[in-house]
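The values are calculated or read from the model by the stated rules, or taken from the named source; none is laboratory data. Here the structure is a predicted model, which means the values were calculated and not measured. Neighbour counts run over all protein chains shown; Cβ positions are idealised from the backbone, glycine included. Accessible surface is based on the protein model in full, side chains and every heavy atom, while ligands, DNA and RNA are left aside. Shrake-Rupley method; radii C 1.70, N 1.55, O 1.52, S 1.80 Å.
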Amino acid sequence: MENKVEAFRKSLGLSQEEFAKAIRVSRQTVSSIENGKYNPSLELAFTIADFFDKQIEEVFLHERNPQNEKE
């Protein structure tokens, strides 16, 4: 799942460490989310979106694959 976490974080002038402290996760977690290596839990995704005052869909981008949808 793609996301705009890094762009939003940088627009606020925050380091990964500062952002991680603000949302109560490790810097490594922030790095993994930004690099697409880790998809956050739904609760964490909402926490991140709320932090940026954005809708979750503005931060986390999910493209539907028609082949995976039920008919």
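Results, tabulated for the structure shown:
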read-out	value
Acute angle (nearest 10 degrees) that the helix 42-51 long axis makes with the longest principal axis of the chain, alpha-carbon atoms	50
The chain, Cα convex hull volume normalised per residue, Å³	91
Length released on extending from LEU61 to PHE46, taking residue separation times 0.36 nm less the Cα-Cα span	4.1 nm
Part-to-part distance (alpha-carbon centres) for the range 22-59 and the range 1-19, which is given in Å	9
The chain - accessible surface per residue (Å², probe 1.4 Å)	76
Within the accessible area of the chain (1.4 Å probe), percent carbon and sulfur	44
Nonlocal amide H pairs with ASN3, under 5 Å, H built at 1.01 Å	LEU61
Cα lying deepest toward the dipole's positive end in the chain, options SER41, ILE56, SER15, charges on Cβ	SER15
Lysine pairs meeting the criterion (Cα under 23 Å, 8 or more apart or interchain), as found in the chain	9
Extension reserve of the ASP53-GLU6 stretch, reckoned as 0.36 nm per residue once the Cα distance is removed	15.4 nm
